[in-house]
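The values are calculated or read from the model by the stated rules, or taken from the named source; none is laboratory data. On a predicted model such as this, the values are computed, not experimentally measured, just so you know. Here the Cβ positions follow ideal geometry from the backbone for every residue, glycine too, while neighbour counts run over all protein chains shown.
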Amino acid sequence: MPDADLGPLPVVEVLGGILAAYAVWRYGLTLRGIGACVLLWTLLALTLIDFDTQLLPDGLTLPLLWRGCSSTSPAGSRRCRTP
């Protein structure tokens, strides 16, 4: 088996695992915890892509934009109820 240069890949995987462990510890193994894991993993990927290219791909940023907008609108949030 040839020696392969993995670069920062193991560090990224460990950091992703630490972020996931924190999210599950904070929110439990619930939908909110799983959502926090997905958000943290996406933000980690965006951070690394931004360091490398200084460009953020629409495929990662637009879903976060629409999820944020839908969760803060009165129709998408359970906390925003009118009396």
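Count of the stretch 11-29 residues, restricted to those that are exposed (fewer than 15 other Cβ atoms within 10 Å of the Cβ) and of a type in the set (Phe, Trp, Tyr), is 2. When residues of the stretch 7-45 are filtered for being outside any helix (DSSP H, G or I) and at pLDDT 90 or above, how many remain? Looking only at that region, the number is 3.
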